[in-house]
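Student: Provided herewith is a single structure, encoded as structure tokens, for subsequent inquiry.
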Amino acid sequence: MILIDENSTIDLDQLAKQHFETLILPQNKKGSYHATQSLIGRTKKQLDKDVLFPNRVKFWNYFLQNHYVNLERTICSRPKVLSDIIIEIENLVGHNILTNNISYRRASLTPFGNIVSNVFGYSNYRDNGLAERKC
């Protein structure tokens, strides 16, 4: 297997960290996170909506607790750590909270999986112009 690190001229860990910093970027002078443009803002907003669903609250709090350390791990980590994160989340809220019919070729999102996809969605990042790479 060819690793991307072997053929890259840039520090991918640093690039991931910069990407994370852009995703969580506060949008106002008070340092509050914008409810649609910031990943933290979208996560907090969805937590407020899901307050009556205990497993969803646990899920969102997993990313928001301890100064967003698990959110950063999710965005910046390599595949081995991402596998560990999946196990941690499944231990916290159970299996199949995000997907149904998991197989090698196919999986479908649950209604909550669609919500998570929208919160973490790349379209939010693309739509606000932050996806332009500045080299």
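Student: Taking into account only those residues within region 70-81 that are surrounded by 13 or more Cβ atoms within 10 Å (Cβ to Cβ) and of a type in the set (A, V, I, L, M), which is modelled with the lowest pLDDT?
Tutor: Here the answer is Ile75.
Student: Can Ile102 be described as more than 29 Å from Pro26 (Cβ to Cβ), in a helix (DSSP H, G or I) and free of Cβ contacts under 8 Å to residues at least 40 places away in the same chain?
Tutor: Working: more than 29 Å from Pro26 (Cβ to Cβ): yes; in a helix (DSSP H, G or I): no; free of Cβ contacts under 8 Å to residues at least 40 places away in the same chain: yes.
So Ile102 does not fit the description; no.
Student: Here is a follow-up. Among the candidates Ile97, Ile86, which residue alone is at pLDDT 90 or above, β-branched (Val, Ile, Thr) and in a helix (DSSP H, G or I)? Before you say what the answer is, go through the steps one by one.
Tutor: Details: Ile97 fails: in a helix (DSSP H, G or I).
One residue alone meets the criteria, Ile86.
Student: Just one of Asn55, Asn70, Asn91, Asn61 is part of a helix (DSSP H, G or I), within 24 Å of Pro111 (Cβ to Cβ), in contact with a Gly (Cβ under 8 Å, 6 or more places away or on another chain) and not aliphatic (A, V, I, L, M); which is it? Explain how you work it out, then say what you get.
Tutor: Working: Asn70 fails: in contact with a Gly (Cβ under 8 Å, 6 or more places away or on another chain); Asn91 fails: in contact with a Gly (Cβ under 8 Å, 6 or more places away or on another chain); Asn61 fails: in contact with a Gly (Cβ under 8 Å, 6 or more places away or on another chain).
Testing whether each residue is part of a helix (DSSP H, G or I), within 24 Å of Pro111 (Cβ to Cβ), in contact with a Gly (Cβ under 8 Å, 6 or more places away or on another chain) and not aliphatic (A, V, I, L, M) leaves just Asn55.
Student: Counting just the residues of region 39-69 that are among the hydrophobic types (A, V, I, L, M, F, W, C) and modelled with pLDDT under 95, which one comes out nearest to Asn118 (Cα to Cα)? Before the answer, list the steps.
Tutor: Looking only at region 39-69, we keep the residues that are among the hydrophobic types (A, V, I, L, M, F, W, C), and these are 39-40, 47, 51-53, 57, 59-60, 63-64, 69.
This time we only want the ones that are modelled with pLDDT under 95, so: 39-40.
Working: Leu39: 10, Ile40: 13 Å.
Here the residue is Leu39.
The values are calculated or read from the model by the stated rules, or taken from the named source; none is laboratory data. A quick note: this is a predicted structure, and the numbers were derived from the prediction, not measured. Here Cβ is always computed from backbone atoms with ideal geometry, including for glycine, and neighbour counts include all displayed protein chains.
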